[in-house]
Amino acid sequence: MSGTDPWSARPDLPPGQKPPAAVDLTKPVRQRVRSEPGELPPVEEDAPREWWDDPRMPWTGKPGRKDLWCWGCIAVLGIYGLATLPLRAFLLGLNTYALAAFSGSNIAMVDIGARLRTGHQPYWWVGLLMAALTSIKFDWIFWWAGRLWGHGIIEVVAGRSRWAARTAAIAERLAKRFGGPAVFLVWFVPFLPSAIVNAFVGDVGMRLRRFLLIDFAAAIVYRGIWMYAGYQIGAPAKDFVHTLSRYSTYLTYATIAIVVVGTIVRSRRQPIRRA
């Protein structure tokens, strides 16, 4: 067909119009997104994150007023514990009843029990009640956190370190198996974080009144055991507490140093991110 119009083989096309180019199916088809006249093409950029949009936070989405209040209480709780360490040392040397009322210290309970054995202590039961009440004064915060965020707060506590993750897993299994009685049992299992159990029962819907009653009963029994130990030991326990009070200031400084160093080390580690 040399010398003839190559498009004459398509009689269905108007004269002079070329057929569309053949599509090569072996090549990927690229689509171009066209913008409207006078409009700049869209540019994909990573939007800056808000401060609350952090996988280390217990909530999902933007926090509300209750979330911020609860998170603020948890933050203040940590600061309070560190700031009051020197005051505890001072109260130990001043008056064990004051220390029991302030922090529910086991050392204070041992001293009250030893004093009851060696002398007249008609108000030992007041020290026991004060110690139990002050021991549970902040437990409702983690119950509230569990009610607000569910398993999110458990992951925050467990993500502090490998040791925290292991102990948190044990505490969570304890709460799942025993439910409400786990609030009582966790007082008597060393090194288990009660915050995990408190958050779990808050998540599953335990009423605050019931939670506080169980928690208070456990505190009474636990502090009572320490008081009874002091009563059984007697004068040697009293002498030990007196000696400890003499060196309590140095022990406080050492404790603060350990806490600060531990906080710095944890802050430098890669945070555990939730899926």
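Here are a few things to note about the model shown:
- Number of positions in region 143-184 that are under 12 Å from the mean Cα position of the chain (by Cα) and of a type in the set (V, I, T): 4
- Test: A114 is on the phi < 0 side of the Ramachandran plot and surrounded by fewer than 21 Cβ atoms within 10 Å (Cβ to Cβ): no
- Looking at F200, F240, just one residue is crowded, with 16+ Cβ neighbours inside 10 Å, touching a helix residue (DSSP H, G or I) at 6+ places or on another chain (Cβ under 9 Å) and under 21 Å from W149 (Cα atoms), and that residue is F200.
- Search result, residues across region 91-104 that are closer than 14 Å to L128 by Cβ and either among the aromatic types (F, W, Y) or surrounded by 22 or more Cβ atoms within 10 Å (Cβ to Cβ) (or both): T96, Y97, L99, A100, G104
- Given (1) over 31 Å from the mean Cα position of the chain (by Cα); (2) modelled with pLDDT under 90; (3) part of a helix (DSSP H, G or I), number of the condition L82 does not satisfy: (1)
- For region 205-235, the set of residues classified as more than 19 Å from A131 (Cα to Cα) and not charged (D, E, K, R) consists of G205, M206, L208, Q232, I233, G234, A235, listed by residue number.
- Some residue of region 78-100 being at positive phi, in contact (Cβ under 8 Å) with a residue 12 or more places away in the chain and out of contact with any His (no Cβ under 7 Å at 6 or more places or on another chain): no
- Only a single criterion out of (1) touching a helix residue (DSSP H, G or I) at 6+ places or on another chain (Cβ under 7 Å); (2) open to solvent by 30 Å² or more (accessible area, probe 1.4 Å); (3) modelled with pLDDT of 90 or more is not satisfied by F191, namely (3).
- Being over 11 Å from V241 (Cβ atoms), open to solvent by less than 20 Å² (accessible area, probe 1.4 Å) and of a type outside the set (A, V, I, L, M, F, W, C) is a description that applies to T84.
- Test result for A182, modelled with pLDDT of 90 or more and open to solvent by less than 10 Å² (accessible area, probe 1.4 Å): yes
- Pairs are defined by a Cβ separation below 9 Å, a sequence spacing of at least 6 or placement on different chains, a first member in region 48-62 that is closer than 16 Å to V157 by Cα and at pLDDT below 75, and a second member that is assigned to a loop (DSSP other than H, G, I, E, B) and open to solvent by less than 50 Å² (accessible area, probe 1.4 Å); the pairs so defined are D54/P271; P55/P271.
- Selection from region 131-179 of residues that are basic (K, R) and either open to solvent by less than 20 Å² (accessible area, probe 1.4 Å) or in contact (Cβ under 8 Å) with a residue 60 or more places away in the chain (or both): R160
The values are calculated or read from the model by the stated rules, or taken from the named source; none is laboratory data. Everything numeric here is computed off the predicted structure, so don't read it as measured data. Because the Cβ atoms are built from the backbone with ideal geometry, glycine has one as well, and the counts that use them run over all protein chains shown. Heavy atoms of the whole protein, side chains included, go into the accessibility calculation; ligands, DNA and RNA do not. Shrake-Rupley method; radii C 1.70, N 1.55, O 1.52, S 1.80 Å.
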